[in-house]
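What follows is calculated from the coordinates using simple rules that are stated; it is not laboratory data. Since the structure is predicted, the reported quantities are computational estimates derived from the model, not experimental observations. Neighbour counts are summed over all protein chains in view; Cβ atoms, including those assigned to glycine, are modelled from backbone coordinates with ideal geometry.
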Amino acid sequence: MSASEVTSEAAAVVHIQVSDRPSTEEVTASLDDYAAERKKSLQARYYFGIIFLIMNLVAWFFRDYGQSLLLPWVHYIKVCGNEGEDCFHSLGVLRVSLGCHIFFLIMFLTTVNTRKLCEGRNSWHSGWWELKSILLLVSMTLPFLFPSEFVQIYGEIARIGAGIFLLLQLVSVIHFITWWNKYWTPDEERKQRCSVGLSMSTMFYVAAICGVVYMYTSYASRSSCSLNIFFITWTAILLLVMMIISLNSKVNRGLLSSGIMASYIVFLCWCAIRSEPATIRCETQNQEKGNGGWITIVGFLIAIFAIVMAAFSTGIDSKCFQFSKNKVEHEDDIPYNYGFFHMVFSLGAMYFAMLFISWDLNNSARKWSIDVGWLSTWVKVINEWFAATIYIWILISPVVRQNKVIGDDRTVQEMTDSVMA
């Protein structure tokens, strides 16, 4: 082969390689497409949140007003019974919850393992709302064709799903507290945050202490309220233990994270006491005052929105459940984990069902009430104790591991010395 032929062939190869490279305009167009898809994906999560909120309101409607307003429409549905009892009240809540669970379960199965914005499953998650509306209607209709025995079985399973949802929510809360503590921890570049972090620590501890005092005066003012006294006293002990461990020289985690956690467990204790049946609740205030109805309604609506926000915030916080924290993100990666997002909402459907029926499948709750009963009280108390236990373990686990490593090193050294001797 002559030199001229070699030169021309090399030039052709270079020309082909250069032509294969995307131009600046193509790269810009791709980035614009990714930005548009990312925006649609971020908007879609709010649409799903609205759907979840509507399903909560539909479940409440079937529990409190369904039988009086919709009874003529369900006479021809055999599974509802003669008076429609099996399609309203607690079973009505479970049927609506099952429909919501089916919808988000299908969304989970069709979007799980989605990685890139260019995938077809990303388009399904972010678009196709007409088809998803039909899917939602079918999912909500099917449970009203199932026999009551099947719905009861779903109710038993929903208890487990609701417990898993509470666990995921707890991990998300602790992850947020840890991040918040790191953000306000002072260093050489952020000295100005030291005073702010100290002020916030003081604020959270003052709020927690005030909460304990308020609960003692409002819900444990009589010696007959022994259970409430136990709940509040144990909460105060947990608060003190967390503070002492955080200030220990070996742990040295500061007071901000423990202050936030203290406020959180005080809040959980208050919620637990508020879930006690009204007939035996040890309150100093009269429950039958004129504005009691408005307080009940406002508290009910706040609880509904709190459920939706809990599911939404946990669903988009999938990173705290990842084993690999150093994953490199690319422009075409999805902004959040779609499968995890829909899984949380499917479990959240089980959770709001348990709140509406107070974790009791045979419960006939009063109108405008939510999560009231002894089962609800103990679920929240156990959730509080579990949250405190996990947080305390997070504080002491590095010290325990370090002591174990030191102990293993000493054992190895002792064995080496004995062999050498």
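In plain terms, the residue of R115, R45 with the fewest other Cβ atoms within 10 Å comes first and the most crowded comes last, giving R115, R45. Each label point was placed 7 Å from the Cα along the Cα-to-Cβ direction; for D360 and T389 their separation is 2.6 nm. Here the residues T235, T114, T141, ranked from fewest to most Cβ neighbours within 10 Å of their Cβ, fall in the order T141, T114, T235. A DSSP coil position with no more than 14 other Cβ atoms inside 10 Å describes none of the GluC sites (Glu not before Pro) in the stretch 93-151. Summing charges over neighbours of G155, with a neighbour being any other residue whose Cβ is under 13 Å away from its Cβ, gives -2 when K and R count +1 and D and E count -1.
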